[in-house]
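Q: Before we start, here is the structure in question, set down as structure tokens.
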Amino acid sequence: MKPARSTPSRYAQLRFLDAGMTVLADRGHAALKLAAVCEAACASTGSFYHAFPSWPEFTSELIRYWREVKSNRIIEAARQVPDASDRLVSLIETGMTLPHATEAAIRVWAAHDPEVARHQREVDAERRDVIAETYVELLGDEELARHYATIAMYLLVGYESGTLQSLDTLAFSFRVFVELALGVSEDDAPR
């Protein structure tokens with residue numbers, strides 16, 4: 001009879017999940033391997049297999065972890081901002097401070113893994129929805145708000161996937177886009 005496997009602590013799992021995020025950010029999806037995750041966690045493979053029964057279970061939990069921590073919580077925090085103009089500023093700040101290298105690596109991973117692709121599609125839709133909700137409040141036009149939200153996502157995804165990355169240019173792009181969308185001058189635009 002096989003001995004019962006002890007339940008891993010959430011702390012042990014988080015250690016490896018954070019290490020997985022680090023590997024994705026620093027080295028990309030191609031480097032997401034057991035040895036690299038263990039090295040980033042300063043832990044042994046035995047410790048890894050105590051925390052996760054298999055590599056596929058780890059990668060499934062990793063993408064769920066990214067979605068919860070780097071998307072769902074951020075979307076819910078944005079929805080708590082009562083004023084739509086302030087919320088738009090908050091969403092822009094969020095777009096500027098996302099872990100862009102990790103997000104880019106996850107987009108590459110999504111091209112090869114149906115589970116990751118499903119999560120990526122759903123996250124993109126959820127992010128677009130919160131942006132659209134904000135524009136509806138500001139503009140009163142649902143169709144136009146949806147188009148503007150999609151364009152905002154194009155700016156973000158293009159930045160993360162592109163080779164000409166500049167946070168200053170991304171900030172400028174968001175600011176110009178908001179000014180055009182809201183029909184305001186630079187002096188009146190939310191900051």
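The values are calculated or read from the model by the stated rules, or taken from the named source; none is laboratory data. Model, not experiment: these values are computed from the prediction. Positions of Cβ are generated from backbone atoms using ideal geometry, with glycine treated the same way; all protein chains shown enter the neighbour counts. The accessibility values were calculated without ligands, DNA or RNA, using every heavy atom of the protein model including side chains. Shrake-Rupley method; radii C 1.70, N 1.55, O 1.52, S 1.80 Å.
Q: Does Val184 satisfy the condition of being buried (at least 18 other Cβ atoms within 10 Å of the Cβ) and at pLDDT below 90?
A: Values: buried (at least 18 other Cβ atoms within 10 Å of the Cβ): no; at pLDDT below 90: yes.
In short, no.
Q: Based on what the data block shows, is Ser60 under 17 Å from the mean Cα position of the chain (by Cα), part of a helix (DSSP H, G or I) and surrounded by 14 or more Cβ atoms within 10 Å (Cβ to Cβ)? Step through it out loud before you land on a result.
A: Details: under 17 Å from the mean Cα position of the chain (by Cα): yes; part of a helix (DSSP H, G or I): yes; surrounded by 14 or more Cβ atoms within 10 Å (Cβ to Cβ): yes.
Here the answer is yes, as Ser60 does meet what is asked.
Q: To continue, here is another question. Filter region 156-176 for residues that are of a type in the set (A, V, I, L, M, F, W, C) and exposed (fewer than 15 other Cβ atoms within 10 Å of the Cβ) and give the result. It would help to see each step written out before you state the result.
A: Kept after step one, since they are of a type in the set (A, V, I, L, M, F, W, C), are these residues of region 156-176: 156-157, 164, 167, 170-172, 174, 176.
If the condition is that a residue be of a type in the set (A, V, I, L, M, F, W, C) and exposed (fewer than 15 other Cβ atoms within 10 Å of the Cβ), then Leu164, Leu167, Ala171, Phe172, Val176 are the ones that fit.
Q: Let me ask another. So which residues in region 109-118 are of a type in the set (A, V, I, L, M), in contact (Cβ under 8 Å) with a residue 40 or more places away in the chain and surrounded by fewer than 17 Cβ atoms within 10 Å (Cβ to Cβ), if there are any at all? Spell out the reasoning first.
A: The first filter runs over region 109-118 and keeps only residues of a type in the set (A, V, I, L, M), leaving 110-111, 116-117.
Pick out the ones that are also in contact (Cβ under 8 Å) with a residue 40 or more places away in the chain and you get 116.
Matches in region 109-118: none.
Q: Now for a separate question. Could you say whether any residue in region 129-146 is within 16 Å of the chain's Cα centre (by Cα), under 24 Å from Gly20 (Cα atoms) and open to solvent by 40 Å² or more (accessible area, probe 1.4 Å)?
A: Within region 129-146, none of the residues are within 16 Å of the chain's Cα centre (by Cα), under 24 Å from Gly20 (Cα atoms) and open to solvent by 40 Å² or more (accessible area, probe 1.4 Å).
Q: Can you pull out the residues in region 99-153 that are in contact with a Lys or Arg (Cβ under 8 Å, 6 or more places away or on another chain) and not in a helix (DSSP H, G or I)?
A: Hit for region 99-153 is Pro99, nothing else.
Q: Of Arg5, Arg73, which residue is within 27 Å of Ala117 (Cβ to Cβ) and at pLDDT below 95?
A: Numbers: Arg5 fails: within 27 Å of Ala117 (Cβ to Cβ).
Of Arg5, Arg73, the one residue that is within 27 Å of Ala117 (Cβ to Cβ) and at pLDDT below 95 is Arg73.
Q: Would you please name the residue that is surrounded by the most Cβ atoms within 10 Å (Cβ to Cβ), looking only at residues in region 70-98 that are polar (S, T, N, Q) and part of a helix (DSSP H, G or I)?
A: We begin by selecting, within region 70-98, every residue polar (S, T, N, Q); these are 71-72, 80, 85, 90, 94, 97.
When the remaining residues are screened for being part of a helix (DSSP H, G or I), the result is 71-72, 85, 90, 94, 97.
Details: Ser71: 21, Asn72: 14, Ser85: 16, Ser90: 19, Thr94: 18, Thr97: 10.
Filtering first and then ranking leaves Ser71.
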